[in-house]
Amino acid sequence: MSLEKRYIVLKAKIVQRKREFDTFIDMLESETVWLTAPASTRFHLSEEKGLLKHSVSVAENLLHLRDNLAPEIPDESCVIVGLFHDVGKVGMPGKPYYLPNPNEEQAKSKGIRYIVNSDLVHIDLATRSLY
């Protein structure tokens, strides 16, 4: 199944908190690079849509773990936690966290395809995700 279809399936699992979820996801999809951001600068899914690939996989794996370890946890809790655990990696509306590396030699020789946007105020990713 394609990444986009997997993402749609996960979003459809949100029922009780749908209004709040839709408000947040609409902002992410329309005002940030949520749908295209890499997951890292160099290693972990350092590619376009890497963050979405990672987040969808985390949500799906969390649902599988939940099935075996804590079936009483609602689907939507797993989806929300899985999808948004690294949401700080999008940066802020209009200011992406990761930018393409302008140093083409470094990108090719060392595989550092992205750099952290120095225009953003530095805060750790967990705090940025909560913000």
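Structure notes:
- Peptides 96-102, 35-41, 59-65, ordered by how many other C-beta atoms sit within 10 Å of their residues on average, highest first, read 35-41, 96-102, 59-65.
- Across region 1-129, C-alpha contacts under 8 Å between residues 6 or more apart give a mean separation that, scaled by the residue count, equals a relative contact order of 24 percent.
- Nonlocal amide H pairs with Glu47, under 5 Å, H built at 1.01 Å: Ala39, Ser40
- Loop-located chymotrypsin sites (Phe, Trp or Tyr not before Pro) in region 1-48 (DSSP state not H, G, I, E or B) with no more than 12 neighbouring Cβ atoms inside 10 Å: Phe43.
- For the chain, a Gaussian network of Cα nodes joined below 10 Å ranks Glu31, Glu72, Glu20 by mean-square fluctuation, and the top entry is Glu72.
- ³J(HN,Hα), Karplus 6.51/-1.76/1.60, whole Hz, each residue of region 64-72, x for Gly, Pro: 5, 4, 4, 3, 8, 10, 8, x, 6
- Rounded to the nearest 20, the size of the Cβ-charge dipole of region 3-130 about its Cα centre is 180 debye, with Lys and Arg at +1 and Asp and Glu at -1.
- Under conditions of 20 °C and 1.002 mPa s, the chain yields 138 µm² s⁻¹ as its translational diffusion coefficient, taking Rh as the Kirkwood radius over Cα pairs in the Stokes-Einstein equation.
- 3J(HN,Hα) from dihedral phi, region 48-57, Karplus parametrisation 6.51/-1.76/1.60, rounded to Hz, x for glycine, proline: 4, 6, x, 5, 5, 4, 4, 5, 5, 5
- Inter-probe distance in nm under a simple model that places probes 7 Å from Cα toward Cβ, at Ile73 and Ser109: 4.5
- Amide H contacts of Tyr114 (H built 1.01 Å from N, under 5 Å, at least 5 apart or other chain): Asn101
- Extended-chain gain in nm, criterion 0.36 nm per residue less alpha-carbon gap, Thr36 and Asp124: 29.6 nm
- For Met92, distant residues with modelled amide H under 5 Å away: Tyr97
- In this structure, the pairs whose alpha-carbon distance is over 19 Å, taken from Lys5/Lys95; Lys53/Lys89; Lys49/Lys89; Lys53/Lys110, are Lys5/Lys95; Lys53/Lys110.
Any read-out appearing in this document is the output of simple, stated calculations on the displayed coordinates, not a laboratory observation. None of these values were measured; they are calculated from a predicted model. Glycine also receives a Cβ, built like all others from the backbone with ideal geometry; neighbour counts cover every protein chain displayed.
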